[in-house]
Amino acid sequence: MNTSKLKIEELFVGSFHHSLDPKRRLIVPSMWRALLGDPARLYIFPHPDRKCLYLYTLSEMNRRLAQLREAGSVDEVDEQAVRAMTASADALLTDAQGRVRIKDELLAHAEVKSKVVLVGTLTRIELWSEEQFDMALPTVSPLAETAFYGGY
């Protein structure tokens, strides 16, 4: 395999426990801020089946948009699905201290009271309430185990 043509990407890994401040702002971990781009922007979506939020960088959103465009024709069902997903989403800009303010509706979807867990899942960040995150673990997946602990 020719590794000289591989694009090197920085990935979101690790987990961080944080509290919302009195204005319901959240600090983005400093090690992740450099991955957000300039300006430091995130797009946040409620997961349709889980009580968590997905946060994507602008470059990841552009990659996903390219996938939609490459898929060919988009029918009414596809349009409605995209509309539903983006209507409940939001764009976040970090302030000078690396904080973001997440809409109350989105925090309510994840059942966040005051403490959250941010989890790096390679190309996105997941935001969970501490209580919901504990319920989401552990899971065994042959695909994940092979990808991370298998051969080369």
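The values are calculated or read from the model by the stated rules, or taken from the named source; none is laboratory data. Model, not experiment: these values are computed from the prediction. No Cβ is skipped: glycine too gets one built from the backbone with ideal geometry, and neighbour counts run over all protein chains shown.
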Report task. Name, by its number, the condition in (1) in a loop (DSSP other than H, G, I, E, B); (2) small (Gly, Ala, Ser); (3) exposed (fewer than 12 other Cβ atoms within 10 Å of the Cβ) that does not hold for residue 37. Result -> (3)
Report task. Starting from region 19-33, keep only residues that are in a helix (DSSP H, G or I), then list their pairs with residues that are among the polar types (S, T, N, Q) whose Cβ atoms are within a distance under 8 Å, requiring at least 6 positions of separation or different chains. Result -> 33/94
Query - Checking residue 131 against (1) at pLDDT 95 or above; (2) out of contact with any helix residue (DSSP H, G or I) (no Cβ under 7 Å at 6 or more places or on another chain); (3) among the acidic types (Asp, Glu), the condition it does not meet - result: (1)
Query raised in the report: residue 112 fails exactly one of the following numbered conditions: (1) outside any loop (DSSP other than H, G, I, E, B); (2) modelled with pLDDT of 95 or more; (3) not acidic (Asp, Glu). What is the number of that condition?
Result: (1)
Report task. Would you point out which residue out of 133, 148 is without any contact (Cβ under 8 Å) to a residue 12 or more places away in the chain, of a type in the set (Phe, Trp, Tyr) and out of contact with any Pro (no Cβ under 7 Å at 6 or more places or on another chain)? Result -> 148
**Report entry** Any hit, region 81-101, residues being among the small types (Gly, Ala, Ser), surrounded by 10 or more Cβ atoms within 10 Å (Cβ to Cβ) and on the phi > 0 side of the Ramachandran plot
**Finding:** yes
Requested in this report: Would you mention how many residues in region 92-129 are touching a strand residue (DSSP E or B) at 6+ places or on another chain (Cβ under 9 Å), of a type in the set (Gly, Ala, Ser) and farther than 22 Å from residue 30 by Cβ?
Outcome: 2
Query - Filtered residue count, region 49-88, keeping only those that are farther than 27 Å from residue 34 by Cα and of a type in the set (Val, Ile, Thr) - result: 3
Query raised in the report: Do you know which of the residues in region 115-133 that are in a strand (DSSP E or B), among the β-branched types (Val, Ile, Thr) and farther than 16 Å from residue 22 by Cα is farthest from the chain's Cα centre (by Cα)?
Result: 117
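Yes or no, residue by residue, for (1) in contact (Cβ under 8 Å) with a residue 60 or more places away in the chain; (2) part of a loop (DSSP other than H, G, I, E, B):
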| position | (1), (2) |
| --- | --- |
| 42 | yes, no |
| 48 | no, yes |
| 69 | no, no |
| 73 | no, yes |
| 77 | no, no |
| 84 | no, no |
